[in-house]
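Please read the structure below before turning to the comments.
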Amino acid sequence: MKQQIVLLGATGSVGQSTLSILRDHPDRYSLFMASGHKNVEQMLALVTEFKPQHLVVTEAQAYKSLQQRWPASSQTQLHFGEQALLDLVAMAEVDAVVAAIVGAAGLLPTLAAAKAGKKIILANKESLVIAGELLMAEARRNHALLLPIDSEHNALFQCLPQGKVDLSVSSLLLTASGGPFREHSLEQLVQVTPAQACKHPNWSMGQKISVDSATLMNKGLELIEACWLFDVNADQVEVVVHPQSIIHSMVRYVDGSVLAQLGSPDMRIPIAHALAWPERIASGAQPLDFHQLASLTFEPPDLERFPCLVLAREAQHLAGLAPVYLNAANEEAVAAFLNGQLAFMDIAGVNAKVLAQVGVEPLESVSQLQHEDQRARAIAHQHIQRLAL
Ligand code: NDP
Ligand code: MG
């Protein structure tokens with residue numbers, strides 16, 4: 001029996017890598033539903049190639065344009081809006097949901113998949129950052145299986161034979177490439193452009209995560225993500241810069257052993273791992289050639305030049321709504337940087353200012369989270385306007 005797959009964020013970088021695996025394994029997987037936001041060309045292309053039963057579009061202009069261009073012969077049903085996503089994710093025939101929408105917009109569909117007890121293949125780290133407690137509780141309550149495909153967390157999962165952290169583990173070691181500006185001075189960092197920030201040395205990714213990698217906020221978000229996925233506190237997560245991106249993360253055990261997962265920097269590896277787990281299938285990625293690997297190097301992260309990592313640790317210690325504030329500020333600041341409104345180093349500045357304004361109340365519900373998320377975005381906009389270029 002083929003597995004019926006829902007692919008949220010099919011038009012993005014992780015979405016396209018997932019489609020590459022589905023293309024290579026038509027005997028195992030069938031695309032039940034795909035979603036996209038603005039990218040009309042990619043949506044038309046995937047409908048033609050993969051013939052999903054449903055396509056959901058979440059952006060009004062793109063929906064209009066798809067309606068006009070919809071092929072008369074298409075068997076795929078076209079839907080508009082978030083509610084359609086939530087309804088289709090929960091349908092009985094769905095076996096697995098790949099959550100690859102970017103940002104907080106991914107939260108509700110991921111929660112819907114958890115409520116419906118689905119196998120969730122999670123790329124959308126922001127949903128765990130802002131709602132880790134709610135999402136993990138929902139997954140536990142409904143026996144939803146949560147398999148991470150963020151490469152670091154997938155590596156950690158592979159290095160934990162029991163799939164979880166117990167007393168034999170002394171820490172989790174997240175590796176970071178250091179991004180394109182690893183060797184930039186503070187003066188140079190002030191000058192960097194969006195095009196430079198989006199050009200990651202090892203990985204090809206969407207714009208938002210590429211900027212997050214350049215500020216090291218990505219590693220900060222991943223630290224919080226690791227805390228929820230593996231039920232550890234922030235002090236049990238180390239970050240080590242490893243510029244070659246060959247070791248994707250490691251687990252340190254009390255006896256002194258360290259287990260690492262290695263592979264080419266290609267998202268098809270963690271995606272194939274999670275889709276097929278506990279089996280393994282070919283991913284199409286280049287095998288590692290150890291004769292070509294000149295060296296693997298390691299260094300500590302520079303917290304002065306990359307303060308976002310410090311902010312993320314602080315947010316996780318503060319708990320409650322702090323990660324919601326940090327994530328909302330970061331999404332707005334990164335968008336402003338990409339639009340040419342904000343300087344690169346001001347991303348961290350806006351994040352710090354918004355985080356400083358978080359209240360002390362605990363996170364209790366999705367509606368409270370959404371309200372506070374909007375408030376944090378409004379505060380971020382005030383700071384962005386003051387700092388605007
Ligand atoms: P992309 O920007 O390439 O793709 C994002 C996807 O989300 C697209 O399908 C986009 O649609 C859709 N989208 C954007 N905004 C909305 C919205 N408001 N509502 C619904 N859908 C929306 O991102 P990536 O693929 O790089 O990243 C996706 C997620 O995976 C992120 O959370 C990222 O942190 C995580 N991740 C990514 C990795 C990578 O290698 N790229 C590695 C590890 C984690 P459209 O394009 O049609 O507008
Ligand atoms: Mg990652």
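The values are calculated or read from the model by the stated rules, or taken from the named source; none is laboratory data. Keep in mind it's a predicted model, so treat the numbers as computed, not measured. Neighbour counts are summed over all protein chains in view; Cβ atoms, including those assigned to glycine, are modelled from backbone coordinates with ideal geometry.
Please report, ordered by residue number, the helices (runs of 4 or more DSSP H) entirely within the range 276-389 with at least 1 residues that are out of contact with any Lys or Arg (no Cβ under 7 Å at 6 or more places or on another chain) and at pLDDT below 95.
Hits in the range 276-389: 366-387.
For the range 21-42, what are the residues that are assigned to a helix (DSSP H, G or I), touching a helix residue (DSSP H, G or I) at 6+ places or on another chain (Cβ under 8 Å) and over 16 Å from H79 (Cβ atoms)?
Of everything in the range 21-42, those that are assigned to a helix (DSSP H, G or I), touching a helix residue (DSSP H, G or I) at 6+ places or on another chain (Cβ under 8 Å) and over 16 Å from H79 (Cβ atoms) turn out to be I21, L22, R23, Q42.
Name the pairs whose Cβ atoms lie under 6 Å apart, with the first residue in the range 6-19 and more than 6 Å from ligand 1 (Cβ to nearest atom), the second among the aromatic types (F, W, Y) and at pLDDT 95 or above, and 6 or more positions between them or separate chains?
Note: pairs meeting the criteria are V6/F32.
Are any of the residues in the range 261-276 of a type in the set (S, T, N, Q), within 27 Å of M136 (Cα to Cα) and within 16 Å of ligand 1 (Cβ to nearest atom)?
yes
Going by what's in this entry, would D87 be described as of a type in the set (D, E, K, R), more than 16 Å from ligand 1 (Cβ to nearest atom), more than 27 Å from L321 (Cα to Cα) and surrounded by fewer than 18 Cβ atoms within 10 Å (Cβ to Cβ)?
no
Would you confirm, using the coordinates I've provided, whether S204 is surrounded by fewer than 17 Cβ atoms within 10 Å (Cβ to Cβ) and within 14 Å of ligand 1 (Cβ to nearest atom)?
In short, yes.
Return the pairs, sorted by first residue and then second, in which the second residue is of a type in the set (S, T, Y) and surrounded by 14 or more Cβ atoms within 10 Å (Cβ to Cβ), the first residue lies in the range 66-93 and is closer than 19 Å to A139 by Cβ, the beta carbons are less than 8 Å apart, and the residues are 6+ apart or on different chains.
Taking only residues 6 or more apart or on different chains, the pairs are L85/S35; L85/T58.
Somewhere in the range 115-130, is a residue surrounded by fewer than 21 Cβ atoms within 10 Å (Cβ to Cβ), under 24 Å from P323 (Cβ atoms) and either more than 16 Å from ligand 2 (Cβ to nearest atom) or charged (D, E, K, R) (or both)?
Yes, the range 115-130 contains a residue that is surrounded by fewer than 21 Cβ atoms within 10 Å (Cβ to Cβ), under 24 Å from P323 (Cβ atoms) and either more than 16 Å from ligand 2 (Cβ to nearest atom) or charged (D, E, K, R) (or both).
Report, ordered by the first and then the second residue, all pairs with beta carbons closer than 8 Å, sequence separation of six or more or different chains, a first member in the range 115-133 that is within 22 Å of R313 (Cβ to Cβ), and a second member that is of a type in the set (S, T, Y).
As it stands, the answer is L122/T110; N124/T110; S127/T110, since those pairs meet every condition given.
Answer with yes or no whether A45 is surrounded by fewer than 16 Cβ atoms within 10 Å (Cβ to Cβ), assigned to a helix (DSSP H, G or I) and more than 11 Å from ligand 1 (Cβ to nearest atom).
Yes: the conditions hold for A45.
Would you be able to tell me the number of residues in the range 48-79 that are more than 21 Å from M1 (Cβ to Cβ) and in a strand (DSSP E or B)?
Residues meeting the conditions: 6.
So which pairs qualify, if the first residue must be in the range 313-330 and closer than 17 Å to P301 by Cβ, the second must be among the aromatic types (F, W, Y), the Cβ gap must be under 8 Å, and the two must be at least 6 apart or on different chains?
Qualifying pairs under 8 Å: A315/Y325.
Could we say that G103 is modelled with pLDDT of 95 or more and within 16 Å of ligand 2 (Cβ to nearest atom) here?
yes
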